[in-house]
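Colleague: Shown below is the structure under consideration.
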């Protein structure tokens, strides 16, 4: 009896887990999908993906399986997952002008788009997109019609910008510039101002960024401290990258102190990456080696992703100086030891070996990258195969 009871519990748990994901493709053709939408009165949600799209796979694993997301989408939509490079997906890609992946369409039973968005996003962001789609007044198509009819009040423009930027960055940027140009100091000191700053501030020197940096406590009522700290870090980072080009070392180091003096591990790592980029940009090899070698033994000794990123930059932005490429090899090799199953880490090391004409190690890395690419789609596989071929030709 106990065994039967335990089995019932296991099966019940399995059933619950199986329900905690978006149920895709319960119809077999696009025609059947639109017919089911008409019969149920629901909109169609279309996940437009390709086999080689990394962010698509990330959404599958991290967002579509979230219980709140799954429940909302299963209750409100007929859900279709369609490869835009196969079968009916090819014609749908042309019809709906899908240019990047993932793209997400919300379509009525007549095949008319009522809302569209895209890119990798959090479960909370994705859920908000679904809620927008079922509200006739908040979907992208409705907002575009309102904009074309002449609506230009700033709260509307900001709402439109936040929706449009996930599907049409060029036009979203134009609207963003209009908002920045028109927003007043009085408006900046409001909850609406906080939303605008969070979305549109780019660095410490632009209009919105400078106002935030001078009035950070003014936004305590409308934001969490971690949100303000995240924004501050982003603004300072962008300022520092501008300073790298200017080659004003004193100003750069003074500003870098914000990260260096932090007690947060991620900010200390950021300071290392930024300082290394400064020395790399200005071909200061001794300083670059000092910073990166220290990082290898301390803050980044177990961070394969960041070591690999530094290796890639040193290998391909270090210019003709062989020593930068040699350090890229050291950093990349350590990254591989830490993250031996990460495609990006392994393939980056393979390319570094290619440029160093290190055939033996390069081939080993390239072949491993090719194996890892097996689950990442045809384009990634082709790049990995090409790398193998180039190394074999050495």
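Colleague: Using Cα pairs closer than 8 Å and at least 6 residues apart in sequence, work out the relative contact order for region 249-394, in percent. Before the final figure, lay out each step's value.
Modeller: Numbers: 167 pairs, mean separation 21.6, N = 146.
Normalised by residue count, the contact order of region 249-394 is 15 percent.
Colleague: Quick one: length gained pulling residue 62 to residue 210 fully straight, 0.36 nm per residue minus the C-alpha distance?
Modeller: Numbers: separation 148, 0.36 × 148 = 53.28 nm, distance 3.54 nm.
Gain on extension, residue 62 to residue 210, equals 49.7 nm.
Colleague: Quick one: among 370, 343, 96, which has the greatest mean-square fluctuation in a GNM of the chain with alpha-carbon springs under 10 angstrom?
Modeller: In the Gaussian network model the winner is 96.
Colleague: Given Cα pairs under 8 Å that are at least 6 residues apart, what percent is the relative contact order of region 17-135?
Modeller: On the way: 189 pairs, mean separation 41.3, N = 119.
Relative contact order here is 35 percent.
Colleague: Can you pull the Kirkwood radius for region 249-394, inverse mean 1/r over Cα pairs, to one decimal in Å?
Modeller: Numbers: mean 1/r = 0.0635 Å⁻¹.
Result for region 249-394 stands at 15.8 Å.
Colleague: From the P(r) of the chain, can you give the percent of Cα pairs sitting at distances over 29 Å?
Modeller: Working: 46161 of 77421 pairs.
Result: 60 percent of Cα pairs exceed 29 Å.
Colleague: Within a 10 angstrom radius of the beta carbon, how do 59, 243 rank from fewest other beta carbons to most? Can you show the working numbers first?
Modeller: Values: 59 24, 243 19.
Fewest-to-most ranking of 59, 243: 243, 59.
Colleague: If I model a spin label as a point 7 Å beyond the Cα along the Cα-Cβ vector, how far apart are those points for residue 355 and residue 225 in nm?
Modeller: Here the modelled spin labels are 4.3 nm apart.
Colleague: Compute the distribution of all C-alpha to C-alpha distances in region 17-135, in bins of 10 Å from 0, and list the percent of pairs in each, rounded to whole numbers.
Modeller: 14, 51, 34, 2
Colleague: How high is the relative contact order of the chain, given as a whole-number percent (alpha carbon pairs under 8 Å, six or more residues apart)?
Modeller: On the way: 480 pairs, mean separation 37.3, N = 394.
Across the chain, relative contact order equals 9 percent.
Colleague: Here's something else I'd like to know. Tell me, 103, 184 in order of fewest to most beta-carbon neighbours within 10 Å? Working shown, then result.
Modeller: Numbers: 103 23, 184 10.
Ascending number of Cβ neighbours within 10 Å: 184, 103.
Colleague: Continuing with this model, one more query. When the Cα centres of region 329-394 and region 204-263 are compared, how far apart do they sit, in Å?
Modeller: What the calculation gives is 37 Å, centre to centre.
Colleague: Sorted from fewest to most neighbouring beta carbons within 10 Å, what does the list 58, 312 look like? Mind dumping the intermediate values first?
Modeller: On the way: 58 13, 312 21.
Fewest-to-most Cβ neighbours within 10 Å comes out as 58, 312.
Colleague: Quick check on the chain: helices-only [θ] at 222 nm, where DSSP H runs of length 4 and up contribute -39,500 (n - 2.57) each and the sum goes over total residues. Nearest 500, please. All intermediate terms of the calculation are to be shown ahead of the outcome.
Modeller: On the way: 21 runs with 261 residues, N = 394.
After summing the helix terms and dividing by residue count, I get -21000 deg cm²/dmol.
Colleague: Sticking with the crude label model, points 7 Å out along Cα→Cβ, report the distance from residue 94 to residue 39 in nm, one decimal please.
Modeller: 3.0
Colleague: Assuming R0 = 25 Å, what is the FRET efficiency of residue 282 and residue 184, from their Cβ-Cβ distance, to the nearest 0.05?
Modeller: Values: r = 41 Å, r/R0 = 1.63.
Working from the Cβ atoms, E equals 0.05.
Computed from the coordinates by the stated procedures, all read-outs in this text should not be read as laboratory data. Note that the structure is predicted; figures quoted are calculated from it, not measured. Every residue, glycine as well, gets a Cβ built from its backbone with ideal geometry; the counts of neighbours run over all protein chains shown.
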